[in-house]
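Heads up: the structure comes next, in structure tokens.
The values are calculated or read from the model by the stated rules, or taken from the named source; none is laboratory data. Since this is a predicted model, take the numbers as computed values, not measurements. Neighbour counts are summed over all protein chains in view; Cβ atoms, including those assigned to glycine, are modelled from backbone coordinates with ideal geometry. Calculation scope for accessible area: heavy atoms of the full protein, side chains included, ligands and nucleic acids excluded. Shrake-Rupley method; radii C 1.70, N 1.55, O 1.52, S 1.80 Å.
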Amino acid sequence: MKGMDERDPSVVAKARDGDRDAFKALVELHSRYIYSLAHRMTGNAQDAEDVVQEAWLKAHKQLSRFEARADVRTWLHRITVNCSIDLIRARRHREDAHDPADLEQGPLSERGAEAQPTPERVAASVEISDRVNEALGLLTALERAAFTLRHVEGMSIEEVGAKLGMKTSATKHSIFRAVKKMRVALEPYAQS
Amino acid sequence: MNNHLSEDELILHSYGEVDRADRSRVDEHLASCAECLLAKEKLARVMTMIDTAPPVEAPLGFERTVWARLEPYLEVPGVSPVHRSASKVYDLVFGKTAREGGWLPQWALAGGVAALVIAAFVAGRFSGGDLAAPSSAAVAHVEPDRVLQSAVGDHLDRTQMMLVELANAEVDGADVLAGEQARAGDLVAANRVILRSAIQSGDGQVVDILEDLERVLLEVANAPANATSNDLTDLQSRITREDLLFRLRVIASEMRQRQIDDREAGDPTRRKMPTS
Ligand SMILES: [Zn+2]
């Protein structure tokens, strides 16, 4: 993934100068990465698409302040995480309504069409991906946000709390609840 | 040794975040207890499963869809009526050159947040709290934009932070309410200053959220000394039902983001953006 960024510096410079085609090139180069990241944070296709849109709008606004020597991917990553946190809260009602029974009912219909498995991908890994995404769907918005920032983004619990505006103890409990739900949902499928 | 480790402890251990005071006890227990070691390994297997799940790929042709959806929003067509009226009020208070200098964000004018900024300016400062210092008249004269945005942003952030804590408080922790009362009282006062101005400027969306916020803040501020866990649960369900956190966060995060942008940027370069 990182290798693609080598093509960026001149494109970024042009985009900063208002070159619409250069910005388009950035969008085409990085949107898939942003989508995967947003999907990991939000757990569903619609939210991920919204985050991609929002992230690019933010990036466009901030482009003139982007340091030429900084890494575009890192910059976009940060914007995407922030946009995801905003949107995760927007979807809170729906997620709170999720019932553990969802897991028995198989993949949510909206998720079925999006996976687009590449031919070389083995069925097993697709299944793992689905299971993990379904398990993520069992978490409340805050649990998911706290868990993802700790587990996937590798922030310390204290940093996660600062990011979400929560006390460290409340953050800890959100993460505990999240991991327990994930463990219960995934343990039957986790092989040694 | 039958004092097994809790799942919480195992989770903290897997993240390397066991408190210093507990570390040797946890390590020693794991070294000597097969049961806990097994539990730790099961947890690690689940963690690995999460880590190794392939990322969900975007649908084919996604990049093109993104661009098609995005491009129209990169243009800023005309100035909306809301924008115009907010600009007018703003000009009366700060003068036209200040606005045209570009230091008040476009979205703020369009979204009615200008009204909040003006409210904060007219009010001089919020009651109590640490806002008094940065809003001193001298500072406000030099850089009114950043100081005022920061004051309103602080209010929204602090309100949000309190609601998040309430929403996440354990249900058996009704004493959370007692602890938050003084804080809620300060926030009510600040909220009213902003609300008054928002009503005057006729910004319905901002009025709505501020009114909802005030009701919740008042409930916290006036909670009886013997508040029960039911009181807390009621409050929590209201915070969720009215989607207060999200609505608040939208305003606050836009405000913060813009502040950061403005601080990081030289304003002249902003004017070159295709959007403006
Ligand atoms: Zn044990």
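Scanning region B:16-38 finds no residues that are surrounded by 14 or more Cβ atoms within 10 Å (Cβ to Cβ), within 8 Å of the ligand (Cβ to nearest atom), within 14 Å of chain A (Cβ to nearest Cβ) and closer than 19 Å to A:ILE157 by Cβ. Residues that are more than 7 Å from every other protein chain (Cβ to nearest Cβ), hydroxyl-bearing (Ser, Thr, Tyr) and open to solvent by less than 20 Å² (accessible area, probe 1.4 Å) within region A:166-192 comprise just one, A:THR171.
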